[in-house]
Amino acid sequence: MLAAYAMLTSAAGVAAWHKYQVLHAPPLPAQSDGSEALPLLNADMWFGNLRGWWNGATLLTVLVFSVWLSRMRDLAELVWPEGQRRSRAWLFFGWVVPVADVFVLKMFVNDLWAAARPAARRKRGHPLLTFWWLSVLAAGAVGADALSELKHAHTPGQTSQALQQVMESDLLYVCAAALSAAVVWQLSSLLKHAMQVTPAS
């Protein structure tokens, strides 16, 4: 799922780049049928369609990631139930509640990570988790600002600048997806291993 999301994000970034190039291309000679406007119309169409698909994919990816976190929580509660500080409801509220969306989900994942570690070396947090969460926050902040700028752009210059921000945010989203995949792989392996050794301890 994360790989597909990264590919779709890359495609949306390419569409933004194409629209940016069309905006900066020399204007075509005026035609009686108005065909000189077709390149920009086509670029707008591809950008709009891919951005719509990307919005849907983002919601689906968040949903799938939250379901995966819930399953990891099942394992963590068997290994270290007292270490889980947040209820499952935060798997939803942690995405939408202002201020809480900055730190609650990171706390949730930190607790899962600690449960996956041997009891003698249990520690909340890890550099991978920190880089992952910072990339998610950065991508979200830059992406929201870029789309807001694009929505309120009224001149080719403003649109061009907003498209640059969109491309930068898409790069951040791809990085966040790659780090998310690393977190999923590591945490899944660690918790499954912790489940195997827990009965013998």
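The values are calculated or read from the model by the stated rules, or taken from the named source; none is laboratory data. Note that the structure is predicted; figures quoted are calculated from it, not measured. Cβ: placed from backbone, ideal geometry, glycine included. Neighbour counts: every protein chain shown. Surface areas here come from the heavy atoms of the whole protein model, side chains and all, with no ligands, DNA or RNA. Shrake-Rupley method; radii C 1.70, N 1.55, O 1.52, S 1.80 Å.
Identify, from the list 160, 169, 135, 87, the residue that is modelled with pLDDT under 95 and assigned to a helix (DSSP H, G or I).
160 is the lone residue from the list that is modelled with pLDDT under 95 and assigned to a helix (DSSP H, G or I).
Any residue at all in the range 137-156 that's in contact with a helix residue (DSSP H, G or I) (Cβ under 6 Å, 6 or more places away or on another chain) and surrounded by fewer than 15 Cβ atoms within 10 Å (Cβ to Cβ)?
Start the filter on the range 137-156 by keeping residues that are in contact with a helix residue (DSSP H, G or I) (Cβ under 6 Å, 6 or more places away or on another chain), which leaves 138-139, 142-143, 146, 149-150, 153, 156.
Cutting the leftovers down to surrounded by fewer than 15 Cβ atoms within 10 Å (Cβ to Cβ) gives us 156.
Looking for residues that are in contact with a helix residue (DSSP H, G or I) (Cβ under 6 Å, 6 or more places away or on another chain) and surrounded by fewer than 15 Cβ atoms within 10 Å (Cβ to Cβ), one finds at least one in the range 137-156, hence yes.
Looking at residue 122, is it open to solvent by 60 Å² or more (accessible area, probe 1.4 Å) and either modelled with pLDDT under 90 or β-branched (Val, Ile, Thr) (or both)?
Numbers: open to solvent by 60 Å² or more (accessible area, probe 1.4 Å): yes; either modelled with pLDDT under 90 or β-branched (Val, Ile, Thr) (or both): yes.
Spelling it out, residue 122 is indeed open to solvent by 60 Å² or more (accessible area, probe 1.4 Å) and either modelled with pLDDT under 90 or β-branched (Val, Ile, Thr) (or both).
Hey, among 101, 111, 145, 170, which residue is acidic (Asp, Glu) and over 18 Å from the mean Cα position of the chain (by Cα)?
Working: 101 fails: over 18 Å from the mean Cα position of the chain (by Cα); 145 fails: over 18 Å from the mean Cα position of the chain (by Cα); 170 fails: over 18 Å from the mean Cα position of the chain (by Cα).
When all the criteria are applied, what remains is 111.
Of (1) modelled with pLDDT under 95; (2) open to solvent by less than 20 Å² (accessible area, probe 1.4 Å), residue 101 satisfies all except one. Which?
(2)
From 119, 162, 176, which residue is in contact with a helix residue (DSSP H, G or I) (Cβ under 7 Å, 6 or more places away or on another chain) and in contact (Cβ under 8 Å) with a residue 24 or more places away in the chain? Spell out the reasoning first.
On the way: 119 fails: in contact with a helix residue (DSSP H, G or I) (Cβ under 7 Å, 6 or more places away or on another chain); 162 fails: in contact (Cβ under 8 Å) with a residue 24 or more places away in the chain.
Of the residues listed, the single one that is in contact with a helix residue (DSSP H, G or I) (Cβ under 7 Å, 6 or more places away or on another chain) and in contact (Cβ under 8 Å) with a residue 24 or more places away in the chain is 176.
So which residues in the range 173-201 are among the small types (Gly, Ala, Ser) and either part of a helix (DSSP H, G or I) or under 13 Å from the mean Cα position of the chain (by Cα) (or both), if there are any at all? Lay out the reasoning, then the answer.
Keep residues of the range 173-201 that are among the small types (Gly, Ala, Ser), which gives 176-178, 180-182, 188-189, 194, 200-201.
Listed by number, the residues that qualify are 176, 177, 178, 180, 181, 182, 188, 189, 194.
What are the residues in the range 57-90 that are in contact (Cβ under 8 Å) with a residue 60 or more places away in the chain, surrounded by fewer than 17 Cβ atoms within 10 Å (Cβ to Cβ) and more than 23 Å from the chain's Cα centre (by Cα), if any?
78
Condition (residue is touching a residue at least 60 places away in the same chain (Cβ under 8 Å), part of a helix (DSSP H, G or I), out of contact with any Gly (no Cβ under 6 Å at 6 or more places or on another chain) and farther than 21 Å from residue 162 by Cβ) applied to the range 36-46: is it met by at least one residue? Let's see the steps before the verdict.
First pass over the range 36-46, keeping only residues touching a residue at least 60 places away in the same chain (Cβ under 8 Å): none.
Within the range 36-46, none of the residues are touching a residue at least 60 places away in the same chain (Cβ under 8 Å), part of a helix (DSSP H, G or I), out of contact with any Gly (no Cβ under 6 Å at 6 or more places or on another chain) and farther than 21 Å from residue 162 by Cβ.
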